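Below you'll find the structure, written out as structure tokens, and then a few comments.
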Amino acid sequence: MLDGGELVAVGRAVVDSGWAGVFGMATLPRVRGRGAAGDVLRSLADWASGLGAGGMYLQVDVDNTSALRLYERVGFTEVCRYHYRSETLS
């Protein structure tokens, strides 16, 4: 998303089997909370709809409260939770 000619927010999506997966959302810290990310999501939704997608999905860390608020505000709902595991390699 551009603001005065400057790129301030981005996101990517892929459409497959009627769904659009959203990835890589990022917004410059100084413009967060001003609607740029919501505009990106709406643009991705329009693009995906034109390719036949009937819905969108994404993943977000449960501790990322600002992103959770954004996604809820634009209409996303929680469907499931993932449990991540890691191992330290020596």
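The values are calculated or read from the model by the stated rules, or taken from the named source; none is laboratory data. Because the structure is a prediction, the values reported are computed rather than measured. Every residue, glycine as well, gets a Cβ built from its backbone with ideal geometry; the counts of neighbours run over all protein chains shown.
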Across region 1-32, which residue is surrounded by the fewest Cβ atoms within 10 Å (Cβ to Cβ) among those that are within 24 Å of TYR57 (Cβ to Cβ) and at pLDDT below 95?
ARG32
Scanning region 1-28 for residues that are assigned to a strand (DSSP E or B), of a type in the set (Gly, Ala, Ser) and out of contact with any Leu (no Cβ under 9 Å at 6 or more places or on another chain) gives GLY24, ALA26
Taking the conditions exactly as written (at pLDDT 95 or above, closer than 29 Å to TYR84 by Cα, outside any strand (DSSP E or B) and out of contact with any strand residue (DSSP E or B) (no Cβ under 6 Å at 6 or more places or on another chain)), does GLY52 satisfy them or not?
no
Test GLY33 against the criterion of being on the phi > 0 side of the Ramachandran plot and within 15 Å of the chain's Cα centre (by Cα), and give yes or no.
yes
